[in-house]
Amino acid sequence: MILGVNVDHVATVRQARRGFEPDPVTAAALAILGGADGITIHLREDRRHAQDRDVRLLRETVPTELNLEMAATKEMVRIAMEIKPDMVTLVPEKRQELTTEGGLDVIGQKRHIKDTVKKLHDSGIPVSLFINPQIIDIDVSKETGADMVEIHTGLYSDSKGKRQKSELLRVIEAVKISEKIGLVANAGHGLNYYNVKQVAAIEGIRGLYIGHSIVSRAVLVGMERAVREMKELIKR
Ligand code: PXP
């Protein structure tokens with residue numbers, strides 16, 4: 001099980017003062033020392049946290065997998081083609097949202113996503129689609145030519161008790177179906193030190209992408225330790 005650490009929220013703190021610290025690039029280096037298998041950064045259209053410079057420097061300094069999260073826009077595709085991350089995760093993006101709130105509308109945007117996947121593939125970049133745990137979305141993702149999916153665990157993470165159990169079953173089913181039709185399955189969003197174990201136990205998941213809870217813990221205990229503690233929890 002690989003752990004991709006999302007360092008956006010280190011940039012969020014930096015952007016609160018528009019200064020130079022804390023630097024997400026330094027945080028990424030510490031995350032890797034703590035055992036992160038990859039680093040994720042979401043370059044948003046409004047540049048509210050990560051900046052272009054962060055992505056460029058991460059490309060130069062991340063020795064493991066650099067995952068660029070982005071909307072399927074012309075500008076972002078151009079940046080990805082220039083920077084050549086190890087993979088791109090396409091996500092929906094709304095200016096008003098606090099974070100990525102739902103999976104991609106793969107059905108409504110199938111053509112556009114398919115074209116975007118092709119452009120990225122032509123540059124040699126593997127593509128993952130961030131989708132809700134729904135069978136139809138998985139089937140359509142496959143039709144777009146994407147290599148991977150990242151199953152949205154937000155509803156699982158935000159619920160409790162019986163509801164959480166049924167949301168977990170949806171994630172399990174989504175992973176199973178993805179595997180069956182030849183899509184590599186990852187998962188992420190809202191995972192933390194208290195809810196991650198059940199997801200980490202799902203057979204067939206390649207990796208988990210986690211940001212906010214690791215950065216939150218890092219504020220208190222330090223990045224290396226925060227990553228090490230998460231790695232310990234997701235170890236099979
Ligand atoms: N995966 C995707 C596609 C995301 O958009 C995000 C949030 O940026 C994450 C994972 C990480 O979510 P969290 O910060 O809640 O761990």
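Worth pointing out:
- In this simple spin-label model, placing a label point 7 Å from the Cα along the Cα-to-Cβ direction at both L169 and M81 gives a separation of 4.6 nm.
- Think of the range 1-118 as a dipole: +1 on every Lys or Arg Cβ, -1 on every Asp or Glu Cβ, centred on the Cα centre; then among N6, T26, L68, L68 lies furthest on the positive end.
- Förster-model FRET efficiency, 25 Å R0, R47 and D122, C-beta, rounded to 0.05: 0.45
- Pairs from K142/K197; K94/K197; K74/K118; K119/K142; K142/K165; K160/K180 whose Cα-Cα separation, in the structure shown, is over 23 Å: K142/K197; K94/K197; K142/K165; K160/K180
- Proximity of backbone amide H atoms, modeled 1.01 Å from N, is registered between N6 and T40, I210, G211 at under 5 Å, excluding neighbours fewer than 5 places apart on the same chain.
- In order along the range 177-193, the phi-based Karplus estimate (6.51 cos²θ - 1.76 cosθ + 1.60, θ = phi - 60°) of 3J(HN,Hα) comes to 5, 4, 4, 4, 9, x, 10, 6, 10, 10, 8, x, 3, x, 6, 9, 5 Hz; Gly and Pro are listed as x.
- Pairwise label distance in nanometres, D139 with S216, each label 7 Å out on the Cα-Cβ vector: 3.7
- E232, E82 arranged by Cβ crowding within 10 Å, fewest neighbours leading: E232, E82
- Within the chain: Cβ-based charge dipole about Cα centre, in debye rounded to nearest 20 (Lys, Arg +1; Asp, Glu -1): 360
- Whole-Hz couplings from phi, Karplus 6.51/-1.76/1.60, listed for the range 65-80; x for Gly and Pro: 7, 9, 10, 9, 8, 6, 7, 7, 10, 4, 4, 5, 5, 4, 5, 4
- Between I181 and R236, residue separation times 0.36 nm minus the direct Cα-Cα distance comes to 17.4 nm.
None of the figures in this text is laboratory data; all of them are computed from the coordinates on show. On a predicted model such as this, the values are computed, not experimentally measured, just so you know. Note: ideal-geometry Cβ built from the backbone for every residue, glycine included; neighbour counts use all protein chains shown.
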